Amino acid sequence: MARTGLEIGRVGGIRIRLDVTLLLALPFLAWMFARAVPELAGLAGVPPERLPGPRWAWGLALAAGLFVSVLLHELAHCFVLVRRGGKVRAITLMVIGGVTEVAEPLADMRAEARVAVAGPAASLALALLAAGLSAAALRAGAQPAAFALETLARVNVALGVFNLLPAFPMDGGRVLRAVLARRRSAAEATRIAANVGKAFAAFFAALGFAAGNPLLILVAFFVWAGAHAEEHDVLVRAMLGDLRVREIMTPSPSAVTSDETVFAVGERMLRERRVALPVIEGGRAAGFVRLEAVEKLPVEERRTTQVSAAMEPARVVAPGDRVVDVIAELQPRGNDHLAVADDGRLVGVVSSFDLSRGLRLRQLAATQHPPPAKAG
């Protein structure tokens with residue numbers, strides 16, 4: 001599932017984003033850490049009065065440390081996944097942790113289990129390292145550093161252990177799915193693991209309401225939503241099977257040339273009831289011009305502006321590509337049309353609507369022509 005957020009950088013070509021939920025919750029998390037500074041200092045063996053600076057600054061620093069730990073946790077997943085042949089598009093840091101956006105998932109669920117375990121293993125390794133450095137800092141009399149490192153160690157222990165719970169889509173839930181997939185289909189294993197995740201979400205919510213803990217209630221919401229979204233994604237992929245782009249595309253699409261005016265394109269859109277038109281140059285797919293690009297220009301400018309100035313580059317797929325392999329390209333906002341080209345020549349267009357129609361027709365075919373019952 002593609003996500004959006006504020007991009008803050010890249011690590012090894014992987015985009016790192018901050019989700020809006022994190023930006024909104026960071027002050028709250030900093031406040032929670034600031035309130036807990038005396039207790040955390042006591043656990044670290046450091047008198048609170050030996051910590052320089054205001055509590056709110058320590059709270060903000062500890063909240064930032066939490067999300068650096070989450071980033072390292074997610075990067076561990078990415079490292080193992082890439083080593084095993086997968087591809088990662090981005091990491092989005094959210095209020096309850098991180099989400100890795102996979103561009104090319106692993107087909108082997110046993111390999112996925114190893115990827116899942118890598119995150120908690122990295123968190124626990126980081127906890128051991130931070131605890132060791134904290135003890136050394138305490139012996140050296142560097143009490144503020146000892147406090148920060150000890151708290152970082154505790155945060156990573158909690159992060160690692162929490163993610164090992166079999167609450168799909170957390171790491172423990174992914175391991176559970178891999179175990180279930182040994183004797184079941186991927187769709188059935190995902191459905192069971194997702195239901196276990198939703199049960200955990202209900203438990204977290206009940207516990208959160210009973211304890212008056214809004215953060216636990218928020219965790220419950222995201223666990224339930226994540227389990228539901230992952231289940232839907234896997235079921236869609238299972239339903240698509242070996243469906244090819246040529247089977248769902250709109251063939252011989254109406255196209256425009258790059259030297260036409262944007263006003264003429266707007267008139268075509270109105271006549272043909274289209275929200276995007278492919279642009280061709282020499283019979284080859286060059287880009288798309290979208291309704292939003294037309295609307296952005298004042299009417300007077302539309303009459304003098306050529307399509308080449310308003311179009312965006314085309315994302316091109318082949319007629320024989322599997323739909324399941326290109327579905328991610330249709331999900332990001334604004335990229336809901338793909339050009340279908342055969343040897344560079346535009347032969348069709350595939351959109352989110354075409355994908356939805358293809359899924360519905362697959363469902364209809366399953367009811368119209370069900371597979372024959374196996375002989376008992």
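With the convex hull drawn over the C-alpha atoms of segment 162-309, the volume per residue is 186 Å³. Here segment 145-197 is treated as a sphere whose radius is the Kirkwood value from Cα pairs; by Stokes-Einstein at 25 °C and 0.890 mPa s it diffuses with a coefficient of 203 µm²/s. Taken as Cα centroids, segment 56-79 and segment 213-237 sit 22 Å apart, rounded to the nearest whole angstrom.
Restricting the trypsin sites (Lys or Arg not before Pro) of segment 14-100 to loop positions (DSSP other than H, G, I, E, B) with no more than 13 neighbouring Cβ atoms within 10 Å leaves R84.
What the Cβ-Cβ distance of A135 and A211 gives, at R0 = 41 Å and to the nearest 0.05, is a FRET efficiency of 0.80. Take the solvent-accessible surface of the protein heavy atoms, probe 1.4 Å, and return the percent of it on segment 4-63 that carbon and sulfur atoms account for. Using a 1.4 Å probe with all protein chains present, segment 4-63 comes out at 67 percent carbon and sulfur.
The residues of the chain have, on average, 53 Å² of accessible surface per residue, using a 1.4 Å probe with all protein chains present.
Quarter the surface of the alpha carbon convex hull of the chain and you get the mean projected area, 25.4 square nanometres.
With helices as the sole contributors, the chain gives -19000 deg cm²/dmol at 222 nm; each DSSP H run of n ≥ 4 counts as -39500 (n - 2.57), and the sum is divided by every residue.
Each Lys and Arg contributes +1 and each Asp and Glu -1, all at the Cβ; summed about the Cα centre of the chain, the dipole is approximately 880 debye.
Between the Cα long axis of helix 143-163 and the first principal axis of the chain there is an angle of about 50°, rounded to the nearest 10. Remark: the Cα gyration tensor places segment 7-81 in the prolate category, a/c being 1.5 or greater and a/b exceeding b/c.
Residues of segment 78-93 with an amide N closer than 16 Å to a point placed 7 Å from the Cα of R322 along the Cα-to-Cβ direction: 85-87. Peptides 167-179, 223-235 ordered by packing proxy, namely the average of other Cβ atoms within 10 Å per residue, highest first: 167-179, 223-235.
When the inverse distances between all different Cα atoms of segment 48-179 are averaged and flipped, the Kirkwood radius reads 15.8 angstrom. Average 1/r across all pairs of distinct alpha carbons in segment 185-250, invert it, and you get the Kirkwood radius: 13.4 Å.
Got a sec? Charge dipole of segment 143-227, +1 on Cβ for Lys and Arg, -1 for Asp and Glu; which of A211, I192, W224 is way out at the positive end? Result: I192. Rank R183, R114, R154 by mean-square fluctuation in a GNM of the chain with C-alpha springs under 10 angstrom and give only the top-ranked residue. Of R183, R114, R154, the Gaussian network model singles out R183 as fluctuating most.
The values are calculated or read from the model by the stated rules, or taken from the named source; none is laboratory data. Small disclaimer: the values here were computed from a predicted structure and weren't measured. Note that we place each Cβ from the backbone using ideal geometry, even for glycine, and neighbour counts take in every protein chain shown. These accessible areas exclude ligands, DNA and RNA; they are computed on the full protein's heavy atoms, side chains included. Shrake-Rupley method; radii C 1.70, N 1.55, O 1.52, S 1.80 Å.
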